[in-house]
Structure formats: structure tokens, C-alpha cells
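Note sheet for the following structure.
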Amino acid sequence: MVDYKVKFWDIILPRVQKPTRYLGNEVNAVVKDLSRCLVKVALAFPDLYEIGMSHLGLKILYSLINNTEQWAAERVFMPDTDLEAILRDEAFPLCSLETVTPLAAFDLLGFTLQYELSYATILQMLQLGGVSILAQSRGEEEPLVVGGGPGAFNPEPLAHFFDFFMLGDAEETLPQVLFFLEQNKQLSRAEKLLSLSQIDGVYVPSLYMPDFDMNGCFLGTRPLHANLPRQVQRAVVVDLDAAAYPEKFVVPYGSIVHDRLVLELFRGCTRGCRFCQAGIIYRPLRERTPAKLKELAKELVRTSGYDELALSSLSSGDYSAILQLVTELGIELAKEGVALSLPSLRLDSFSGQLAEQVKQVRKSGLTFAPEAGTQRLRDVINKNISEADMIGAATDAFAAGWTGIKLYFMIGLPTETDEDVEGITALVRKVMAAYKQAGCRGKPRVTVSVSVFVPKAHTPFQWAGLIPRDEVLRRHNVLRQSLRATGAQYKWHGVEPSLLEAALARGGRELCAVIASAAELGCKLDGWDEHFSFENWQQAFRDNGLDLAELAARQYGLDEPLPWDHLDSGVTKAYLTKEYELALAAKVSQDCRENCLGCGMSLLLEGKDDKDGKGVCHDARLD
Amino acid sequence: MMRVWIKFAKESPMRFLSHLDLMRVWQRAIRRAALPVAYSAGFNRHPKISFASALAVGVTSEGEYLDILFDKQLDGAAFERLAETLPHGLKMVDWRQIPEATPALMSLVCAAQWELPLQADESRHLQEAVQGLLSAVALPVQRERKNRLKTVDIRPLIYRLEADEKESCLRMLLASGGEGVVRPGEVLKLLRLPAVEGRVHRTELYVASGRCFQEPMAVLLN
């Protein structure tokens, strides 16, 4: 047997730019003797180490798997171009970090599907790792390839490359999958997949078939066997306190994107923003208790040596005990010289008191996301923040000592007009004026970060298309012109990546061939400007008889079958339809903490043990 | 307050760490061991930890030093805790308490000892080259600094140079701080040896004590 580790460390690593990201021996990395493990899992993040290591989901699954003695999880990331070139030149396979084991030698190879722009990278990693790209041509000895994360809610563009997908909370599904694999090593791939398909949250794409009529019109996706569910249901962790959470974070040597500890306060969000996929697919709201969070924080600080801890959630300010937690945890951590940060606060939850507390712990940057410039458009997207709320929050923040603020907006939202675009500028002016009202002299630093709205599956906007590229650019210019005089800094993310994202996010299996072509053309790490090639992607669509722009702009009819209809997020299509219609009428819906909107989560939660009522879903109790 | 010098080894698995990475690794290890490092005063507080001498990426060493100021007097158990929490490949060799007013170790270090294992065919013809270097009156080398070339005579900065045929290794004692700095690569180039980074190994740092060199752990301080 080749000693991969010796060759990798002695001959390959000295030739690469940032070797520390490939060492795999960081503090708290788990290195097991794989020959003694019954199930070997490679957890792959299809991006660079610095991005992947910042991701909480990877840490959760890594510790969940490794906490079981006879299972092993190792990490693998996309190598940077210098290492990739060496691997290809030397025909050295892409290996896991911990024991330098080729990907092909694992039982299970799991990819996280965080964003569409990572899809070509997945194919590159499979190829580099010596794993067959097409699921149907994989041999018995090859790993089962599984995908999870937000992308699993419309995995059809990847259906040919994956043996199965896991929908929803993997803390629930993955242990069942691994236990099954441990007990059934003698079964063939096909037999394993058939059995796995019976586990809640597991979707085996080869067992489902899209149907088309004679004109090639999509009719829906149906199961191939009678005992398969017509709709695959998402898995849900009911009690987050009891769910696995890493007690140790792997501590990188070099600095990574989010180089700090992260505490997940809760999962889900009750706000109901209509563009937001996370707001749907992580329902219902489930909180960890302050006691549990404090216990976790203490342990994480002790085992990692980090000096910063971030409280993270979709909207951290909505945590029911936020003020108590920030105060108490802030005091405890300050004693140990650890700073507390709150990266995702909503404007309206940023009260004067919370502003004071957050300032005490750390004066980091403040980021708020009004998303749209006018009240009308905010009503369309159901971002329930009024202008008064925003200005109030900004004034509080300035009074508490902040001198800068970052505002996130989207352009291209359904029903948007130039008035809405220019409304962004009007709002920015008012935020700047609030600085003076707060008694500060001079001008605040205001950064306006603008991205293009990309419709996603399982949201009320899933039927809407992206506006054409030229129109996006025109609105971007309108905004840039009108912002110029304000002195705010304008950050624009470009339209091409959003077009691609939109084309991939709502497509079906016809995109598998496109992604394969793109990978062959060398596409990879498309989230990085320096690697992203729009030309190559356009070529890949063209080579398969498709048009990227057309697919990005595609408008679905409300009664048209959608490529992800056979996957159940827990939220019903009837609810999404109603929300879409309300949006077009610029009518808001309430926060579902205040009033149950009947989204359907109660049906999914039926029969789940939730006697403590920690899963905050009024829906579940109103029925 | 307690001021401490720590001697440590940076072995092969850690040789790829940059100076900055290494500092972060130590800071986090010290926090894991719950040792109370003193912080500088002011707005941007930083922990009072410094290295005696930077080490190039890719080079291993058994003679690295940290100079740390703690807020409290610590016992041996505290340093055992620290040694245990270091990542694989970083080894604590020794520690000593020093008077608080001692100048920074960085400013005291004046020489470094290096070793380079030789291949069999290299050591034979090397004796002559070493003798040639040592008998030279001057050894001018060119250095680039801020895009300008500068010529430095490194002969007076080479304190010792020997090719050990029996152990087939090259040993060098070179100025490092104090009178100047000689990089091992510069000597290897003059000896026409390929400067493979993975081969060079630092064995010790020295501070001047009167007219002698002494290891930091042994030097008398007052």
C-alpha cells in the first residue's frame, strides 16, 4: 500500500502556498485508526479550508460522528489551485486531512450543499478523489455519496452525482444512516439505498423518476416503487437542547473567515420573510435554553483557547432570553477575556438596552438588513420593519457609540420599481441624519451592500424569475448614481454569479449534464471572483442545448409541477401560494409567534415527542 | 507578576507554521491551560508574549524561546498543563522564571546554531569548501532590501562552521541579532549546497554573557 501520508507531508506539502490548511493535525482534530472503525465518513465541504472550517454544520456532524467510538469522520476541502495542480500532475488522489486517506477509501462521502456556486467544485473533488462522478457507474467498493444542507431541498441538478440526499436536520438522520451501514456491510449498493430510502429525511434520486409529456413538458417526479413515499419528508430535531453540539472546535493554525467560537441559539425563524429559504426549511423555531448555552460556552472556551464567541442564529435578537443571555454570558466570558459578538441582529430587535449590552462586550461592526428601500416593497417581501424602527435602532446604535453601520439590500425583488431602488438612497440619508440626532458630530461610515435577489425553491417567491441581466445592471446604475451624493460606500456583488445561482437553484435533472460540462471546462470555486468564469458556464449551458439567462429568468405557473414538489420541507405549497399572492398585493403576514399562519409544520411534527414544548410552533399546538 | 522564558521545539509537523500562526497557537494554548497572561495597557491591548527570534517557514528547531509575562505567580503544575495542551509537534523543553526587569529575550539573542544533515557524497568535498570560507578575508553577499541591493560582509558574522564527516552533518554558528544576522541559506549558497528548506534545523539560540555565548536557560541574570 502506498503511504499517502508520508508522500503528502514530505514531498507535496513543502511545495504548496499555505500548507497549514492541509495538515489535519489541528488541536481537537480527531485522528482515529481507520482500520478499527466500522464506518468511515469523509465530510467534504466544496470550498477552501478557510470557508469550510467556518461552517457550523460541519463541526456538528464531525463531533456527532466521532463521538461514537466505532465511527470515524475526517474532513476534506477543495484544495487551492496550487495543490490541485500538483495532485493532478502527480496523479495523487485527493485525501482526507486527518489520516491522508483517499476519498475513494471511505464508506460514506458527504458533501454539504450550502450554495449553488459550489456545485462544479463537488464534481472536481469527486474526480480528484478517484470517485466515479456518476452515481450509477460507481462500483461496489466506492463510497456512497450523500448530500445535505439547503441545496438538498432542490437537489435535482445534482441527482446524477449523488447516491442519496438527506433533507433537514442531519443530527436526526445521519446516526440512523450510519447505524444501518454498520450493520449491513454485506448488502449491495442498490440494496443499501433501497433500505436507506425508508429512513425519514433520506431521498434516493435513482428511485424517483421525472415524467415528461410528449412535448418534453415536465409533469412531476414519481417514486419507482409502491413502498416509497410520494413526498420525502424532511427530518426535524425537536429538542435542540438534547441534540448533539460539538464540545470542542477544531482550532485552525492560520486565520479562517470566521475565526471564533459559535453558539447556535436557535434554529428556525418566525419572521416569514418571503424571499428567505432558511426561514422555511429550518422551521419550526427551536431554541436552546440559556442554561444549556452557558454550559456549552464554558466548555468551548476551555477546550479551544479562542478569545471570541459569536451568538449565531437566523436572527439572534429574536432569541426569547437574548438580553438575559447577553448580560450573563457577557459577564462570565469577560472574566476570561473572551469577547462576545452578535453577528445577525435584526434592526427592530436592536433596542437601546441590547445596544448597550452588545457595546459592553465588543464594539464590532453593526450590520442590518432592511433588504428593500420602501415600505411598500418591504411589505411585499414581508420584512416587517418600519422606517421608524430602523431609524430608531440606528439612533440607539450611534448613541451607544457606534460610528459605522453596514446595510444590506437586494435589487430585483418581485414588483420592484425605480422608486423602490431610489428609496434605498432616501433611507440611507435618514440613517445618516440619525447620527446627528444621536448627538454625534461629523458623518457616520455607512456601507450599502447590494446583491441581486435570487428566487429559491420552497419559498413564496419560488415561482418568480430573476429580472434580465440588462435590467439588473440598469437598476444597479440608478442606485449607484443616486447614492453617490450621500457619501455612503457602495458595495456591489456583480450580476453574473447571481444569474448562475438562479439558473441552478430552480432547475431539474436537465442541469446535471450542464454541471458536468462546466466541471469539464474547468469550473470550480465559483464563489471566488478570481475563479468564476461566466463564459465557461454559458458554454456549458449551450453545449447542452440550454440557455443560462432563460433559465434564470424562468417564471413558473402556480399550477405547474415543480422539480422539487416531491420533497416536503414541512411547509405546504398551499401556504407558499397564499404568501406569494399576498406579496403581489403588498400585504404583510404576521410573525408566526404572534399568530399561527397554518404553514403546515404541525403535520410534519405530528407524532414527534415535544412534551416540553421547546419546539416553538404554535401551529403544532393550535390544531 | 511572573516573567518566564520557555524553551520549546518546533518539530516536523509544525514546521509549516508561520511566525503569526505560531503566535496564535501559543496564545490559544495558554488560554486553554488557563494561564493569566499580562496584557499591555491602552486601547488595543495585546498579550505580553514574544518570541526570541523568528524562524522561517519550513524550518524545524529544538531551540526556540518564548518570553512571557504573567499576571500571577504560577507553579510547576501550570506549566505542565501548558505543555500538555500544545498541538502535536510543538514541545515544551524547559522553562525558567527570570527577574521582571530583564531586557526582552529578543534583544539579548546574538547567535543561532544550525545543523544540516549531509548526504554521503556531499560531506567529502565539503571540508575544502568550509576551509576556504573560513580562511577568506571577507565574504561579501548581496541582500535585497526595499528593492535595493546591498552588499554585506558576512565573514565576521560566521562564528563557527564545521563539516562533521563522522555524523555527516554541517554545523554553523551564525550571528543572529547583536552584531548582525546571517541566514543559513547564505552560507549554503557560498558552499554551493542546495538550500532545501526542509533540511535546515536550528539547534540553539545564544545570548552573550561577557565574552562567551550561553544558552538562555543557563545564563546568569540579575
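Read-outs throughout are calculated quantities, based only on the coordinates presented, and are distinct from any laboratory measurement. In this text the structure is predicted, and so the values were computed from the model without any measurement. When we count neighbours, we look across all protein chains shown, and the Cβ atoms used for this are built from the backbone with ideal geometry, even at glycine.
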If the convex hull of the alpha-carbon atoms of the protein assembly as shown is projected onto planes in all directions, what is the mean projected area in square nanometres? 40.5
Rounded to a whole number of µm²/s, how large is the Stokes-Einstein D of the range B:2-102 at 10 °C and 1.306 mPa s, given Rh as the Kirkwood radius over C-alpha pairs? 114
Nitroxide proxy distance, nm - points 7 Å out along Cα→Cβ at A:LYS587 and A:LEU473: 4.0
What lysines does A:LYS573 reach when the alpha-carbon gap must be under 23 Å and sequence neighbours fewer than 8 apart in one chain are set aside? A:LYS383, A:LYS456, A:LYS587, A:LYS608
Does the range A:169-218 classify as rounded, prolate or oblate by the C-alpha gyration tensor (a ≥ b ≥ c root eigenvalues; a/c under 1.5 gives rounded; else a/b over b/c gives prolate, otherwise oblate)? oblate
Quick one: putting +1 on the C-beta of Lys and Arg, -1 on the C-beta of Asp and Glu, what dipole do you get for the protein assembly as shown around its Cα centre, in Debye to the nearest 20? 2740
Provide the percentage of antiparallel DSSP beta bridges, counting only those with both residues in chain A; round to the nearest 5. 25
Distance between the C-alpha centers of the range A:92-133 and the range B:157-189? Whole Å please. 45
Please average, across the residues of A:11-24, the number of beta carbons from any other chain that are within 10 Å of each residue's own beta carbon, and give a whole number. 3
In whole Å, how far is the Cα centre of the range A:221-253 from that of the range B:113-152? 62
Give me the number: length gained by fully extending A:LYS292 to A:ASN67, i.e. 0.36 nm times residue separation minus the C-alpha to C-alpha distance, one decimal in nm. 79.1 nm
Once phi is turned into ³J(HN,Hα) by the Karplus curve 6.51 cos²θ - 1.76 cosθ + 1.60 with θ = phi - 60°, what whole-Hz value does each residue of the range A:391-407 show in order, with x for glycine and proline? 5, x, 5, 5, 4, 4, 5, 5, 5, 7, x, 6, 10, x, 8, 10, 10
Relative contact order in percent for the range B:2-102 (Cα pairs under 8 Å, 6+ apart) equals 52
Of all DSSP beta bridges having both residues in the range A:4-233, the percent classed as antiparallel (nearest 5) is 30
Once you place label points 7 Å from the Cα toward the Cβ at A:ARG376 and A:LEU134, how far apart are they in nm? 5.2
Given the candidates A:SER118, A:PRO157, A:GLY139, the one whose Cα lies deepest towards the positive end of the charge dipole of the range A:4-233, counting +1 at each Lys or Arg C-beta and -1 at each Asp or Glu C-beta, is A:GLY139
Relative contact order (percent, whole number), chain A, Cα cutoff 8 Å, 6+ residue spacing: 14
Quick one: if you take sqrt(5λ) for each eigenvalue of the C-alpha gyration tensor of the range A:214-351, what semi-axes come out, biggest first, whole angstrom? 37, 18, 15
Once you have all Cα-Cα distances for the range A:139-225, histogram them in 5 Å bins from zero and send the whole-percent values. 3, 13, 24, 24, 18, 10, 5, 2, 1, 0
To check you understand DSSP bridge types, tell me what percent of the beta bridges within the range A:178-326 (both residues inside) are antiparallel, rounded to 5. 65
Provide the FRET efficiency to the nearest 0.05 for the A:ALA334-B:SER107 pair, computing r from the beta carbons and using R0 = 30 Å. 0.30
Do the sum for the protein assembly as shown: with -39,500 (n - 2.57) for every DSSP H run of n ≥ 4, divided by all residues, what is the mean residue ellipticity at 222 nm, to the nearest 500 deg cm²/dmol? -9500 deg cm²/dmol
Find which of A:ALA243, A:GLN437, A:SER188 sits farthest along the positive direction of the dipole of chain A, computed with +1 on the beta-carbon of Lys and Arg, -1 on that of Asp and Glu, about the Cα centre. A:GLN437
Whole-angstrom Cα spans of the range A:428-514 along principal axes, big to small: 58, 26, 18
Greater than 24 Å separation of Cα atoms is the criterion. Which listed pairs, A:LYS18/A:LYS59; A:LYS18/A:LYS524; A:LYS430/A:LYS491; A:LYS292/B:LYS48; B:LYS7/B:LYS150; A:LYS59/B:LYS7, meet it? A:LYS292/B:LYS48; B:LYS7/B:LYS150; A:LYS59/B:LYS7
Where nothing but the Cβ of Lys and Arg (+1) and of Asp and Glu (-1) is charged, how large is the charge dipole of the range B:108-214 around its Cα centre, in debye to the nearest 20? 560
Compute for the range B:108-214: radius of gyration divided by Kirkwood radius, i.e. Rg/Rh, restricted to C-alpha atoms, rounded to two decimals. 0.97
For B:24-34, what's the mean count of beta carbons from other chains sitting within 10 Å of each residue's beta carbon? 5
Please report, in cubic angstrom per residue, the volume enclosed by the convex hull of the alpha-carbon atoms of the range A:4-233. 131
